[in-house]
1. Quick one: in region 81-107, which of the residues that are among the small types (Gly, Ala, Ser), part of a strand (DSSP E or B) and in contact (Cβ under 8 Å) with a residue 40 or more places away in the chain is surrounded by the most Cβ atoms within 10 Å (Cβ to Cβ)?
2. State the number of residues belonging to region 112-147 that are exposed (fewer than 10 other Cβ atoms within 10 Å of the Cβ), under 18 Å from LYS68 (Cβ atoms) and out of contact with any strand residue (DSSP E or B) (no Cβ under 8 Å at 6 or more places or on another chain).
3. Checking the conditions here, which among ASP28, ASP3 is of a type in the set (D, E, K, R), within 18 Å of ASP58 (Cβ to Cβ) and modelled with pLDDT of 95 or more?
4. What are the residues in region 3-31 that are under 22 Å from SER115 (Cβ atoms) and either surrounded by 14 or more Cβ atoms within 10 Å (Cβ to Cβ) or in contact (Cβ under 8 Å) with a residue 60 or more places away in the chain (or both), if any?
5. Within region 1-29, how many residues are basic (Lys, Arg) and under 21 Å from the mean Cα position of the chain (by Cα)?
6. Please work out if PHE34 is surrounded by 15 or more Cβ atoms within 10 Å (Cβ to Cβ) and either over 16 Å from the mean Cα position of the chain (by Cα) or of a type in the set (Phe, Trp, Tyr) (or both).
7. Of everything in region 94-125, what is touching a Phe, Trp or Tyr at 6+ places or on another chain (Cβ under 6 Å) and polar (S, T, N, Q)? Give them in sequence order.
8. Looking only at region 25-80, which residues are of a type in the set (Asp, Glu) and either touching a helix residue (DSSP H, G or I) at 6+ places or on another chain (Cβ under 8 Å) or not in a strand (DSSP E or B) (or both)?
Amino acid sequence: MIDGVVVKELKARCDERGRVMELVRKDDKIFEKFGQVYMTTNYPQVIKAWHCHRKQIDYVVCVSGMIKMVLFDDRKESPTYKRLEEHFIGEHNYSLIKIPCGVYHGWKCISEKESIVISTISEPYNSKNPDEVRIPYNSKKIPYSWEIIFR
C-alpha cells in the first residue's frame, strides 16, 4: 500500500425502502478536514488521469458503475516513492480511497454503464489558482498502461 493511502470498505444498509451508506464522517479516523464535495461521471472506457495535489487530500467513492482507480506515489521523501497501486471500486466493491498530497491518481470506467464518483476534498476548489498538477494519461512519467489485460 502506498504510504498515506487508506482504503475503507463501505457497507450499504438495506431494508424494504432501499439502501443507505455512509461515505465519510468528520469523526472518522481517516478524515482530516472538509473543503467541499463534488460528483463526477465517466462514460464506459473513458480515462480521467493523471493529476495530484500540493495541499488537498481526496476521499473518493464510486457509487454507481465500476472504476479502476490507479495511484502513483511521486513523493521523493515517501517510503513508497514510485509505487503504483490499482483499486477496483464501485457498486460491486464499495470502498472509500483516501489519497494524500503528492500521489498522482486517475481512473477508468470499467463498467458497461456510466460511473458516478463522489469526491470529498479537504480544500475548496479555487478556479483562479487550482491546486493540481496535471499530466496526460499516457505520460512516460508514470509507467502504467490503461489497457485491460486478460489473465
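1. If we take residues in region 81-107 being among the small types (Gly, Ala, Ser), part of a strand (DSSP E or B) and in contact (Cβ under 8 Å) with a residue 40 or more places away in the chain, then GLY106 is surrounded by the most Cβ atoms within 10 Å (Cβ to Cβ).
2. 3
3. Unique residue meeting the criteria: ASP3.
4. Answer for region 3-31, where residues must be under 22 Å from SER115 (Cβ atoms) and either surrounded by 14 or more Cβ atoms within 10 Å (Cβ to Cβ) or in contact (Cβ under 8 Å) with a residue 60 or more places away in the chain (or both): VAL5, VAL6, VAL7, LYS8, GLU9, LEU10, LYS11, ALA12, MET21, LEU23, VAL24.
5. 5
6. It is false that PHE34 is surrounded by 15 or more Cβ atoms within 10 Å (Cβ to Cβ) and either over 16 Å from the mean Cα position of the chain (by Cα) or of a type in the set (Phe, Trp, Tyr) (or both).
7. SER119, THR120
8. ASP27, ASP28, GLU32, ASP74, GLU77
The values are calculated or read from the model by the stated rules, or taken from the named source; none is laboratory data. What you see is a predicted model; the values in this text were computed from it and never measured. Note that we place each Cβ from the backbone using ideal geometry, even for glycine, and neighbour counts take in every protein chain shown.
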